[in-house]
Amino acid sequence: MTAEPITGIVTPIRLDYTYTPGTSPSQFLRGMKEGRILGRRCPSCAKVYVPPRGGCPMCGVEFAEEVRVADTGTLVTFAVVNVNFANRVIDLPYVSGEVRFDGSDTTSMVLVQGIPVDQVRMGMRVKAHWLPRDEWDFTFANIDYVEPLDEPDADYESYKEFV
Amino acid sequence: MRDVAVVSFAQSATRRDQTRNEVEILLPVLREAMAPTGLTTHDIGFTCSGSSDYLAGQAFAFVSALDAVGPWPPIQESHVEMDGAWALYEAWVRLQHGDIDTALVYAFGKSSPGDVARVLSLQLDPYVTGPLWPDAISLAALQARAFLEAGHDEKDLARVVARSRRNAVGNPHAQLSGDIDEATLLDEPLYADPLRMHDCPPISDGAAVVVLAAGDKARELCERPAWIRGIDHRIDVQALGSRDLSQSASTRLAGEKAGVGGRADLAELHAPFSHQELIVAEALGLDETATSINPSGGALASNPVMVAGLVRIGEAARRLSAGEGERAVAHATSGPALQQNLVCVLEATS
Ligand SMILES: [Zn+2]
């Protein structure tokens with residue numbers, strides 16, 4: 001007699017953590033709570049990282065000064081999304097973009113709203129739309145989305161290294 | 001075999017660090033280890049790290065830890081999900097290829113964010129033992145019981161702890177140190193019978209960095225390099241019931257292959273639990289009257305998981321380079337109840 005194959009067993013696993021983001025990320029999260037985007041500058045190459053983690057990954061040195069960056073920026077690249085993620089329900093299609101906030105040398109992924117999908121373009125100038133102040137928490141999600149600024153598009157040369 | 005030596009070593013203070021992340025802990029240690037060599041990231045031929053993402057509960061922590069090295073333009077790099085001692089082994093093998101002369105080895109670990117005794121249970125087989133969730137301290141206690149039943153006394157455990165605390169007084173990186181006599185230790189209540197709290201390691205967050213160099217490059221970078229004369233690692237069977245827990249066959253074999261020969265001026269043994277130091281010393285044929293055992297205080301004084309094994313090699317090398325001896329044995333362990341063991345023999349002469 002042949003035994004039935006065992007095709008699977010269930011062994012529940014649960015681990016709890018009290019996570020520490022670290023000095024620089026904590027500073028960034030505190031800034032978000034106050035409606036400010038805070039980065040850190042590398043003392044070696046002068047790049048400003050948003051959010052900063054531990055040190056400059058290009059130079060391998062600890063960050064120096066804290067830098068407040070603007071909540072206006074340039075859309076350097078984007079994707080038109082036609083399928084919703086399970087945990088995020090937004091009217092389709094929508095645009096997910098990478099924005100270089102003015103004063104930062106990194107880009108952040110944000111939702112682009114306030115413009116028909118087929119009119120979104122690289123180099124478009126945008127501004128953060130914040131949630132109502134009483135909803136601000138220690139999270140980048142305080143920026144609900146970015147929307148177009150009434151400004152000429154940025155020159156490709158000014159953002160090509162972020163594409 | 002190509003002669004390879006430890007030419008620099010640095011470690012962080014070990015404590016529960018609820019301020020800094022791994023990169024922030026690692027950065028100053030990397031700078032301290034690199035400084036005496038005069039090398040930069042791009043002078044290094046190969047970089048290898050050891051860590052486990054399960055400790056702090058952050059996926060791909062080992063990728064973001066690379067930020068600390070400044071790996072741009074891209075470098076030759078590798079990682080082991082193990083104690084940094086095994087990263088050092090990989091770097092040593094890589095140096096044997098002969099085309100590069102230097103290697104950077106680092107390890108980091110934050111045990112404090114999670115319940116490390118439970119996290120380590122995930123090393124067990126996932127079908128039979130794992131689902132029972134025996135934590136690391138309970139497993140060590142089972143081993144300690146087997147060790148005592150094999151003809152040892154709990155006074156032996158207290159003697160190990162008292163020496164560790166005493167030796168750690170001179171170690172600025174240690175978490176636990178002090179002058180405590182054995183009788184006082186034995187008056188403490190049992191924690192996981194037969195272990196008392198002091199037979200178990202503290203919860204430590206930390207990082208360590210070793211720079212390796214081959215041949216003439218080592219002599220150029222360091223006045224008194226600590227040469228790796230033998231290095232080997234072995235593993236016991238996974239099922240805890242299939243081996244004699246009161247002994248360590250894999251340590252014995254690794255020690256033979258690494259050429260320990262029972263001779264050393266000092267030994268740094270990675271024994272997070274007091275009875276494990278006695279098991280490892282016995283397996284390596286080391287005698288406390290001839291060899292200074294864990295002059296740093298060992299893992300009972302500070303135990304940054306994934307780092308403490310590399311620290312044993314670094315401490316042994318540092319002491320040889322400082323002239324504290326001519327021959328040292330360093331040991332690292334991984335897995336439950338001394339399952340896997342690495343032995344490294346180091347020598348330095350003027
Ligand atoms: Zn930089």
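The values are calculated or read from the model by the stated rules, or taken from the named source; none is laboratory data. In this text the structure is predicted, and so the values were computed from the model without any measurement. Neighbour counts run over all protein chains shown; Cβ positions are idealised from the backbone, glycine included. Heads up: the accessible areas ignore ligands, DNA and RNA and are worked out on the full protein's heavy atoms, side chains in. Shrake-Rupley method; radii C 1.70, N 1.55, O 1.52, S 1.80 Å.
In table form, for the structure just shown:
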read-out: Residue selected from segment B:171-223 under the condition open to solvent by 20 Å² or more (accessible area, probe 1.4 Å) and in contact with a Pro (Cβ under 6 Å, 6 or more places away or on another chain), by the criterion farthest from residue B:12 (Cα to Cα); value: B:201
read-out: Options A:65, A:34: the member that is within 16 Å of the ligand (Cβ to nearest atom), at pLDDT 90 or above and open to solvent by 80 Å² or more (accessible area, probe 1.4 Å); value: A:65
read-out: Residues of segment B:56-70 satisfying the condition of being open to solvent by 20 Å² or more (accessible area, probe 1.4 Å) and within 13 Å of the ligand (Cβ to nearest atom); value: B:67
read-out: Complete set of residues in segment B:32-43 that are at pLDDT 95 or above and either surrounded by 24 or more Cβ atoms within 10 Å (Cβ to Cβ) or part of a helix (DSSP H, G or I) (or both); value: B:32, B:33, B:34, B:35, B:36, B:37, B:43
read-out: Qualifying position, being of a type outside the set (D, E, K, R) and either more than 16 Å from the ligand (Cβ to nearest atom) or free of Cβ contacts under 8 Å to residues at least 60 places away in the same chain (or both), among A:43, A:51; value: A:43
read-out: Residue A:92 vs. criteria away from the ligand (no atom under 16 Å from the Cβ), under 20 Å from residue A:130 (Cα atoms) and either over 12 Å from the mean Cα position of the chain (by Cα) or outside the structural domain of residue A:127 (by TED's automatic domain parsing) (or both); value: no
read-out: Check on residue A:151, in a loop (DSSP other than H, G, I, E, B), at pLDDT 95 or above and over 24 Å from residue A:42 (Cβ atoms); value: yes
read-out: Matching residues in segment B:1-32 - criterion: being over 20 Å from the mean Cα position of the chain (by Cα) and among the acidic types (Asp, Glu); value: B:3, B:24
read-out: First in segment B:122-136 and within 11 Å of chain A (Cβ to nearest Cβ), second anywhere and hydroxyl-bearing (Ser, Thr, Tyr) and exposed (fewer than 13 other Cβ atoms within 10 Å of the Cβ), Cβ under 6 Å, 6 or more apart; value: B:131/A:11
read-out: Identity of the residue in segment B:295-333, more than 17 Å from residue B:7 (Cβ to Cβ) and assigned to a strand (DSSP E or B), that ends up farthest from the chain's Cα centre (by Cα); value: B:327
read-out: Segment B:268-298: number of residues that are open to solvent by less than 10 Å² (accessible area, probe 1.4 Å) and more than 25 Å from residue B:139 (Cα to Cα); value: 2
read-out: Residue check, residue A:104 under 19 Å from residue A:29 (Cα atoms), within 16 Å of the ligand (Cβ to nearest atom) and either hydroxyl-bearing (Ser, Thr, Tyr) or away from every other protein chain (no Cβ under 14 Å) (or both); value: yes
read-out: Segment B:71-103 - residue that is within 21 Å of the chain's Cα centre (by Cα) and of a type in the set (Gly, Ala, Ser) and, of those, most open to solvent (accessible area, probe 1.4 Å); value: B:78
read-out: Meets criteria (within 12 Å of chain A (Cβ to nearest Cβ), under 20 Å from the mean Cα position of the chain (by Cα) and aromatic (Phe, Trp, Tyr)) for residue B:106; value: yes
